[in-house]
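Visitor: My questions will all concern the structure given below.
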Amino acid sequence: MSRREFFIKVWNTLISIWKKWIRRILLFGIIFLCIKFIFNAITKNGSERVVVIFAFVIGLVILSGHFMKIFFNSFTKKLNSILPEYIKIWLRILNKTLNYINPVIFGIIIYHFWNENSIKTVIILSLLLVNKIGEIIKEEKLATT
């Protein structure tokens with residue numbers, strides 16, 4: 001077995017482990033941290049409580065939508081082919097609006113977790129924020145060309 005064949009075999013193994021296990025573990029970890037955050041935000045009193053809960057609920061909805069988009073991409077393509085054109089227009093408008101609000105909500109959540117001294121959560125959400133900003137930049141580059 002040559003080095004190239006060995007590298008390809010290892011790479012394919014790592015990709016299959018990512019798809020089968022690590023992605024699911026990260027998803028469940030993020031959901032667990034979101035539930036923990038909601039519990040802490042509700043139980044502690046403070047003036048930022050309402051704003052944090054509101055921002056977090058919006059962020060959780062956007063994050064859930066992001067993961068739903070990843071997992072059910074083929075389903076959305078089939079659904080888009082069935083929907084009438086006027087509904088597709090409203091969905092595009094909603095999608096673009098959520099794309100621009102999403103980094104702000106992630107930033108609010110990261111700031112809150114930073115104040116809570118939860119470094120792991122800040123790192124995970126920062127990676128998601130960078131990923132989302134990268135997607136927006138790619139969409140804008142495609143739209144301008």
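Visitor: Report yes if Leu91 is open to solvent by 50 Å² or more (accessible area, probe 1.4 Å) and touching a Leu at 6+ places or on another chain (Cβ under 9 Å), otherwise no.
Guide: yes
Visitor: Any idea how many residues of the range 94-119 are in contact with a Leu (Cβ under 8 Å, 6 or more places away or on another chain) and either in a helix (DSSP H, G or I) or within 28 Å of Asn80 (Cβ to Cβ) (or both)?
Guide: 6
Visitor: Where residues in the range 94-145 are closer than 22 Å to Arg23 by Cβ and of a type in the set (D, E, K, R), which of them is surrounded by the most Cβ atoms within 10 Å (Cβ to Cβ)?
Guide: Once the filter is applied, the top-ranked residue is Lys132.
Visitor: Find all pairs meeting these conditions: Cβ atoms under 8 angstrom apart; at least six residues apart or on different chains; first residue within the range 105-117 and free of Cβ contacts under 8 Å to residues at least 24 places away in the same chain; second residue in a helix (DSSP H, G or I).
Guide: Qualifying pairs under 8 Å: Gly107/Leu129; Ile110/Val122; Ile110/Leu125; Ile110/Ser126; Ile110/Leu129; Trp114/Val122.
Visitor: Report yes if some residue within the range 18-25 is modelled with pLDDT of 75 or more, closer than 19 Å to Ser118 by Cα and open to solvent by 80 Å² or more (accessible area, probe 1.4 Å); otherwise report no.
Guide: Within the range 18-25, one or more residues are modelled with pLDDT of 75 or more, closer than 19 Å to Ser118 by Cα and open to solvent by 80 Å² or more (accessible area, probe 1.4 Å).
Results for (1) open to solvent by less than 80 Å² (accessible area, probe 1.4 Å); (2) closer than 21 Å to Ile110 by Cβ; (3) at pLDDT 80 or above, shown as yes or no for each residue.
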residue: Ile31; (1), (2), (3): yes, yes, yes
residue: Ser64; (1), (2), (3): yes, yes, no
residue: Phe75; (1), (2), (3): no, no, no
residue: Glu85; (1), (2), (3): no, no, yes
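The values are calculated or read from the model by the stated rules, or taken from the named source; none is laboratory data. Note that the coordinates shown come from a computational prediction; the quantities given were computed from them, not determined experimentally. Because the Cβ atoms are built from the backbone with ideal geometry, glycine has one as well, and the counts that use them run over all protein chains shown. Keep in mind that these areas ignore ligands, DNA and RNA; they rest on the heavy atoms of the full protein, side chains included. Shrake-Rupley method; radii C 1.70, N 1.55, O 1.52, S 1.80 Å.
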